[in-house]
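Peer 1: I have a structure I would like to understand better, so I am pasting it below and will then ask my questions one at a time.
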Amino acid sequence: MATVLTFEDLIDFPVERSPEQHFETDHLRRLFVEKIAKSRATGKDGIRVGIFEDNLTENVEIIRRKVLGGRYAFTAYKERLLLKGVGKAPRQICIPTVRDRLVLRAVCQILHSAIPQSTGFSPHAVVDRVATQLRLCPLNSSFIRIDVKEFFPSIRHDLLAAELARFGLDEMTRELCMNAVACRIGSAEQPESRGIAQGLSISGALACIYLLRFDDRQTRRFHQYFRYVDDILMISPAAEAQARLNSMRRSLGRLGLAIHPVGTSGKTEISDIADGVDYLGYHIQREIISVRESSFRRMFNNLLKVITDYRYRGDVERLIFRLNLKITGCIADAKRRGWMMFFSRTENLKQLAHLDSFVQNQLNRVGLPAEHRSRIKRFIKSYHEICFNLDQTDYIPKFDEYDLNAKAEVVAILMGRPLEEVQAFEADSIERNFSRLVGQEVHDLENDVGNPS
């Protein structure tokens, strides 16, 4: 089976539930606590999570009644544009209301339960498969790399609806899915007729389902075929590479999808396997897997930002906490976060040693005393702990396991306040500040990874 995007937000709820049972009030209440309650985003109705929670019993009953009665309507999504760089159109992200987010989470559970392939695999699994196949293939082979242009906005609703029906999804779930993807965005006056809004919990699952049969056909035809969202990679006999690329273009075209022009570096190209390939943030060669050069260089800038912050603030404890977090990553909301977590599949430890040396040199340059420099963690040590000892290690922060005292220490460091002062806060205040401050740091960790495609 082809390899596709991982959805780590899958909830550990019983999979034996019928679609209707996912909208029982008790189930919706639990789902809200697990996946919605910590969110700070608000949709176009302006209702915050806390206000929704104050009336949770009434709200989940309204959802249950409207969904089961076939009368549920999604509110137009708030629009957020994310810049992608000079000369590139921004990425449109949609923010549903709290109520709609809860409904979409329940729908996402149904999709994963009914179509297990929609959960996909991790990028590490993709990299492993590519590396394994690369080491087995003949030397006169080529990489074919294909990137789909505007993948999510190009998905045809009629074909998506047909795929949902083909997989045997019930009518209620199909209607909720199609109503969600057709919902108006921002100030648009008309519902969407094409595309899947990014930012919805079901977006990735639906995009995956859209291409599952395509993946199956390509795997049976070409065998050494890999896909991660809209980034396709194949290993082919060199003499057949162009023909295979043309065939892939035609097949994607029948789904309403276009690819970047051939020869577009990092997008659509044919290259010799001896040169290796940049894929999912890695540079994969027969001999070794490394962090892609652009992703590697990006980390130097990320580290410098933290050290520069210290130069202006002069706060040693804040520096040590934030710099160590950049180096090790963390576990938050049951997910692995950060640059080292993402790139733990690398086999090139020289890159990690270079980063460790860079950190120490920069700290020496800004005059951090040696006794503090010794408290800074190491990329190489983090790599070994992540790969071989993650469940037992104390080297990697696991914020989900922090008690109130540990949270107070983090709040004191990041707020620059005395620990005794923070410990005098109400427990709810400590929890809120911890969630807010750590949330900001985790968001920065996700940005450190950048675009892995």
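Peer 1: Quick one: grab the alpha carbon gyration tensor of region 284-336, order the square roots of its eigenvalues as a ≥ b ≥ c, and give me rounded if a/c is under 1.5, else prolate or oblate depending on whether a/b is larger than b/c. Write out the running numbers ahead of the final one.
Peer 2: Values: a/c = 3.71, a/b = 1.65, b/c = 2.24.
It is oblate, given that a/c is not under 1.5 and a/b is not larger than b/c.
Peer 1: Evaluated at 20 °C with a viscosity of 1.002 mPa s, what Stokes-Einstein diffusion coefficient in µm²/s does region 193-251 have when Rh comes from the Kirkwood expression over alpha-carbon pairs?
Peer 2: On the way: Rh = 12.9 Å.
Answer, rounded: 166 µm²/s.
Peer 1: Per Stokes-Einstein, at 37 °C and 0.692 mPa s, what whole-number D in µm² s⁻¹ belongs to region 238-331, with the Kirkwood radius over Cα pairs as the hydrodynamic radius?
Peer 2: Numbers: Rh = 17.1 Å.
Roughly 192 µm²/s, to the nearest whole number.
Peer 1: Once the convex hull of the C-alpha atoms of region 135-206 is built, how many Å³ does it hold per residue, rounded to a whole number?
Peer 2: On the way: hull volume 10.8 nm³, N = 72.
Measuring per residue, one finds 150 Å³ for the Cα hull of region 135-206.
Peer 1: Right, something else. Distance between the C-alpha centers of region 184-244 and region 248-287? Whole Å please.
Peer 2: Cα centroid of region 184-244 versus Cα centroid of region 248-287: 13 Å apart.
Peer 1: Next question, about the same structure. Please report, ordered by residue number, every helix of the chain (full DSSP H runs) that is 15 Å or longer along its axis going by C-alpha atoms and whose mean Kyte-Doolittle hydropathy reaches -0.5.
Peer 2: Details: long enough: 56-68 (18 Å, 0.07); 98-114 (24 Å, 0.59); 123-136 (20 Å, 0.16); 171-182 (16 Å, 0.18); 203-222 (28 Å, -0.20); 241-253 (18 Å, -0.72); 293-313 (31 Å, -0.81); 316-328 (18 Å, 0.52); 349-365 (24 Å, -0.55); 404-415 (16 Å, 1.41); 427-449 (33 Å, -0.71).
Correct list, ordered by number: 56-68, 98-114, 123-136, 171-182, 203-222, 316-328, 404-415.
Peer 1: Let me ask something additional. In straight Cα distance, which aspartates and glutamates are under 15 Å from Lys88, not counting same-chain residues fewer than 8 positions off?
Peer 2: Excluding near neighbours in sequence, the set is Glu150.
Peer 1: Still on this structure: Using only C-alpha atoms and all pairs of different ones, pull out the Kirkwood radius for region 306-392 in Å with one decimal. Please list the in-between numbers first.
Peer 2: Details: mean 1/r = 0.0731 Å⁻¹.
Final number for the Kirkwood radius of region 306-392 is 13.7 Å.
Peer 1: OK, next. About the Cα centre, and with charges only on the beta carbon of Lys, Arg (+1) and Asp, Glu (-1), how big is the dipole of the chain? Nearest 20 debye, please. Don't skip to the end; give the middle numbers.
Peer 2: Values: 65 positive and 59 negative charges, 285 e Å.
Its charge dipole is roughly 1360 debye.
Peer 1: Lys pairs in region 282-422, Cα-Cα under 18 Å, at least 8 apart or on separate chains: how many?
Peer 2: Step by step, the pairs that qualify in region 282-422 add up to 12.
Peer 1: Right, another one. Apply the a/c threshold of 1.5 to the C-alpha gyration tensor of the chain and tell me whether it is rounded, prolate or oblate. Show your work: numbers first, answer last.
Peer 2: Values: a/c = 1.99, a/b = 1.07, b/c = 1.86.
Judged from the Cα gyration tensor, the chain comes out oblate (a/c at least 1.5, b/c at or above a/b).
Peer 1: Any idea of the accessible area per residue across region 295-374, 1.4 Å probe, to the nearest Å²? Walk me through the numbers before you get to the answer.
Peer 2: Working: 3540 Å² over 80 residues.
Dividing the accessible area of region 295-374 by its residue count gives 44 Å².
Peer 1: Please give the FRET efficiency for Arg217 paired with Asp158, using the beta carbon to beta carbon distance and R0 = 22 Å, rounded to the nearest 0.05. Numbers along the way, then the final one.
Peer 2: Working: r = 20 Å, r/R0 = 0.89.
E between Arg217 and Asp158, to the nearest 0.05, is 0.65.
Peer 1: Further question on the same structure: Could you tell me which of Ile51, Gly120, Val130 has its Cα farthest along the dipole of region 24-130 towards the positive end, charges placed at Cβ (Lys, Arg +1; Asp, Glu -1), taken about the Cα centre?
Peer 2: Val130
Peer 1: Here is a follow-up. Go ahead and estimate [θ] at 222 nm for the chain from helices alone: -39,500 (n - 2.57) per DSSP H run with n ≥ 4, summed, over the residue count, rounded to 500. Spell out each step's value before the answer.
Peer 2: Numbers: 19 runs with 225 residues, N = 453.
It comes out at -15500 deg cm²/dmol, rounded to the nearest 500.
Peer 1: I would also like to ask the following. Identify the trypsin sites (Lys or Arg not before Pro) of region 204-300 meeting these criteria: DSSP loop state and at most 10 other C-beta atoms within 10 Å of the C-beta. Write down the numbers at each step before the final one.
Peer 2: Numbers: sites: Arg213, Arg217, Arg220, Arg221, Arg227, Arg244, Arg249, Arg250, Arg254, Lys267, Arg286, Arg292, Arg297, Arg298; in loops: Arg254, Lys267, Arg286, Arg292.
Hits after loop and neighbour filter: Arg254.
Peer 1: Another one. Cα centroid distance between region 422-453 and region 346-400, in Å?
Peer 2: With region 422-453 and region 346-400 each reduced to a Cα centre, they are spaced 21 Å.
Peer 1: Points 7 angstrom from Cα along the Cβ direction at Ile47 and Asn447: gap in nanometres?
Peer 2: A separation of 3.1 nm, rounded to one decimal place.
Peer 1: Rounded, prolate or oblate: which one fits region 357-444, using the alpha carbon gyration tensor with axes a ≥ b ≥ c (rounded when a/c is under 1.5, else prolate when a/b beats b/c, else oblate)? Display every interim value, and only then the final one.
Peer 2: Values: a/c = 2.36, a/b = 1.38, b/c = 1.71.
The shape class here is oblate.
Peer 1: For an R0 of 35 angstrom, estimate the FRET efficiency from the Cβ-Cβ distance between Leu390 and Glu58 and round to the nearest 0.05.
Peer 2: On the way: r = 42 Å, r/R0 = 1.19.
Calculated value: 0.25.
Peer 1: Determine the share of the chain's accessible area contributed by carbon and sulfur atoms, expressed in whole percent, with a 1.4 angstrom probe. Please report the intermediate quantities before stating the final value.
Peer 2: Details: 10150 of 21330 Å².
Exposed carbon and sulfur together represent 48 percent of the surface.
The values are calculated or read from the model by the stated rules, or taken from the named source; none is laboratory data. Nothing here was measured: the structure is a model prediction, and the numbers come from that model. Don't worry about glycine lacking a Cβ; one is built from the backbone with ideal geometry, like all the others, and counts go over all protein chains shown. Remember, those area values only see protein heavy atoms, side chains included, never the ligands or the DNA or RNA. Shrake-Rupley method; radii C 1.70, N 1.55, O 1.52, S 1.80 Å.
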